[in-house]
Number of protein chains: 2
Amino acid sequence: MSDSVTGRIRNAGLRVTRGRVAAIETLQALGGHRTVDEIARGLTGRGVKVARATVFNVLGDLATAGLVVIADAGPGPTRYEVATYDHHHFVCTICGSITDVPCAENGGQCIEPAVVDGTVSNVQVIYRGVCSSCEAGDT
Amino acid sequence: MSDSVTGRIRNAGLRVTRGRVAAIETLQALGGHRTVDEIARGLTGRGVKVARATVFNVLGDLATAGLVVIADAGPGPTRYEVATYDHHHFVCTICGSITDVPCAENGGQCIEPAVVDGTVSNVQVIYRGVCSSCEAGDT
DNA sequence: TGCTAAATTGGACTAAGTCCAAAGAAGCTC
DNA sequence: GAGCTTCTTTGGACTTAGTCCAATTTAGCA
């Protein structure tokens, strides 16, 4: 497990450092879509002491390397998640929860490539609405 | 022109105030996708003096009322634009420019309603890539 | 083991956004 | 059109998110 993390970091052409390994492990352990602050607290909880600036650095590097991805979910602090399969996000406008929405069932591109004046390399979709638990709790 | 702005505000059930009218007019005059700061400077340029907090308030209210919309374009300050037709955004990862991408040519829903655990009320798509002018200028 | 480039540190700084109590203005009623 | 009520604005303090930088430490190579 832990070995594969160091392997992935090395494969990405990055130096294997305590901070990077711990950041990925923490993000994996926490699961979901986490802010830099949550990750920093997670690191502290695991006994890994890292400077705030380092958490920003590390996550930025890992995101550039593709080991973690920025979970676009609209305004608010940037959220990161462990890079897995291609998916989008459903954001509840009431409780703010973010859930993954699988990208097209056929595994292909879920959105028609739009006609833009340039070259699209990445498409992100944010579904907004009310999640089932908020619907249930709504009076 | 100006009358229609006051009309729209009133129709939305909001009081017609100097700040609200000026904010919409300024956003219309500036065009595009503007940050609170740009709008505040635009207001100052027009001789309308408003507190920073008011600009945040006003834009928040107008957005809630649907008179302006938040132009989701990933990290960075929130950007607003005058509510027009349904469209998405193409963000250049080099120069940061944001261009509108019309929603499906047939005028209908451009994205399949995804299977989510709740009710989707709104879908926003962010296309990322390199705009044509950056492609041209790229050596 | 020693060297060098890369990563981390921590503290200062800027930008984005929120909060709140007091003052001011919109728009209804008579 | 005066008065009243309620909503809006004000401005300043505050919080949070993120950047910057020079000094220090560390990973990984020879």
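The values are calculated or read from the model by the stated rules, or taken from the named source; none is laboratory data. In this text, all values refer to a predicted model and were calculated from it rather than measured experimentally. For neighbour counting, all protein chains shown are included, and Cβ atoms are generated from backbone atoms with ideal geometry for every residue, glycine included. Areas reflect the complete protein model, heavy atoms only, side chains present, ligands, DNA and RNA absent. Shrake-Rupley method; radii C 1.70, N 1.55, O 1.52, S 1.80 Å.
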Inter-residue pairs, beta-carbon under 7 Å, first closer than 21 Å to B:G45 by Cα and in region B:2-25, second open to solvent by 60 Å² or more (accessible area, probe 1.4 Å) and not in a helix (DSSP H, G or I), 6+ apart:
B:A22/B:R46
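Condition check: in contact with an Asp or Glu (Cβ under 8 Å, 6 or more places away or on another chain) and at pLDDT 80 or above. Does B:S121 satisfy that?
It is false that B:S121 is in contact with an Asp or Glu (Cβ under 8 Å, 6 or more places away or on another chain) and at pLDDT 80 or above.
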Does any residue of region A:79-98 turn out to be among the hydroxyl-bearing types (S, T, Y) and within 11 Å of chain B (Cβ to nearest Cβ)?
yes
Identify all residues within region A:49-62 that are more than 8 Å from DNA strand C (Cβ to nearest atom) and surrounded by fewer than 16 Cβ atoms within 10 Å (Cβ to Cβ); write none if there are none.
A:F56, A:G60
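Name the one entry in A:R46, A:R34, A:R20 that is more than 14 Å from chain B (Cβ to nearest Cβ), surrounded by 14 or more Cβ atoms within 10 Å (Cβ to Cβ) and more than 9 Å from DNA strand C (Cβ to nearest atom).
On the way: A:R46 fails: surrounded by 14 or more Cβ atoms within 10 Å (Cβ to Cβ); A:R20 fails: more than 9 Å from DNA strand C (Cβ to nearest atom).
Answer to the check: A:R34.
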Evaluate the following for A:R41: is it open to solvent by 50 Å² or more (accessible area, probe 1.4 Å), within 11 Å of DNA strand D (Cβ to nearest atom) and more than 25 Å from A:D72 (Cβ to Cβ)?
no
